[in-house]
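Q: The following block contains the structure, expressed as structure tokens.
The values are calculated or read from the model by the stated rules, or taken from the named source; none is laboratory data. These figures come from a predicted structure and were not determined experimentally. As a convention, Cβ positions derive from the backbone with ideal geometry for all residues, glycine included, and neighbour counts pool all protein chains shown. For accessibility, only protein heavy atoms count, side chains too; no ligands or nucleic acids. Shrake-Rupley method; radii C 1.70, N 1.55, O 1.52, S 1.80 Å.
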Amino acid sequence: MMKVISTPEAPAAIGPYSQAVEIQGFLYLSGQIPLNPETGTLEGTDIETQTKQVMKNIAAVLKAAGTDFTHVVKTTCFLKNMSDFTVFNTIYADYFVSRPARSCVAVATLPKDALVEVEVVAVLQEKW
């Protein structure tokens, strides 16, 4: 049975989806953009500030599900501009120290005209 995970510590979904769902020992997080959960607006205008906000949002959803970055097994990263890759990658490495599998692609546009979006799949701690 699928369990919906939601927390006010991360931005509310801006469409017909959940922040995350848990099923069969895995947690699937919807893509997080750099929305400030308190204001609902984009945090920052540069890749560094936006990436840090995305990581805060991911951390909040992982925590709500009872897990953390060390249990992430796969990420998919979307960048508006691949020239931001080096800065993004440096910040990313501070959070994903367990080095999960990853895809990183450039896209034409993201919701709210964000510079970055990251989605993750994690193994739940109690199943680890």
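Q: Scaled to the compact-protein estimate 2.2 N^0.38 Å, what is the alpha-carbon radius of gyration of the range 51-128, rounded to two decimal places? Write down the numbers at each step before the final one.
A: Values: Rg = 12.6 Å, N = 78, 2.2 N^0.38 = 11.5 Å.
Scaled against compact globular proteins, the figure is 1.09.
Q: If I compute solvent accessible area with a 1.4 Å probe over the protein chains, what percent of it on the chain is carbon and sulfur? Mind dumping the intermediate values first?
A: On the way: 3650 of 6780 Å².
Ligands and nucleic acids excluded, carbon and sulfur give 54 percent.
Q: Mean-square fluctuation check for the chain, GNM, Cα pairs under 10 Å: which of 72, 97, 118 is largest?
A: 97
Q: Using a 1.4 Å probe and ignoring any ligands, DNA or RNA, find the accessible area of residue 94 and quote it in Å² to the nearest 10.
A: Roughly 110 Å² of residue 94 is accessible to a 1.4 Å probe.
Q: Here is a follow-up. State the extension gain, in nm to one decimal, for the chain segment bounded by residue 2 and residue 98, taking 0.36 nm per residue of separation less the distance between their alpha-carbons. Kindly include the intermediate steps, with their values, before the conclusion.
A: Numbers: separation 96, 0.36 × 96 = 34.56 nm, distance 2.63 nm.
Here the answer is 31.9 nm.
Q: So which residue, out of 35, 27, 110, gets the largest mean-square fluctuation from a GNM of the chain using Cα contacts under 10 Å as springs?
A: Of the options given, 110 has the highest mean-square fluctuation.
Q: If you take every DSSP beta bridge fully contained in the chain, what fraction is antiparallel? Give it as a percent rounded to 5. Intermediate results must be reported in sequence, preceding the final value.
A: Working: 20 of 26 bridges.
So the antiparallel bridges in the chain amount to around 75 percent.
Q: Another one. Does anything in the range 78-115 have its amide N under 13 Å from the 7 Å Cα→Cβ label point of residue 14, and if so which residues?
A: Only 109-115 pass the distance filter.
Q: In whole Hz, with x marking every Gly and Pro, tabulate ³J(HN,Hα) for the range 4-10 from phi via Karplus 6.51 cos²θ - 1.76 cosθ + 1.60, θ = phi - 60°.
A: Along the range 4-10, the couplings run 7, 10, 8, 8, x, 6, 10 Hz.
Q: In a GNM of the chain with a 10 Å cut-off on Cα contacts, which of 39, 75, 67 has the highest mean-square fluctuation?
A: Its mean-square fluctuation being the largest, the pick is 39.
Q: Among 26, 47, 16, flag the residue with its Cα farthest along the positive direction of the charge dipole of the range 1-107, charges on Cβ as +1 for Lys/Arg and -1 for Asp/Glu.
A: Towards the positive end, the residue furthest out is 26.
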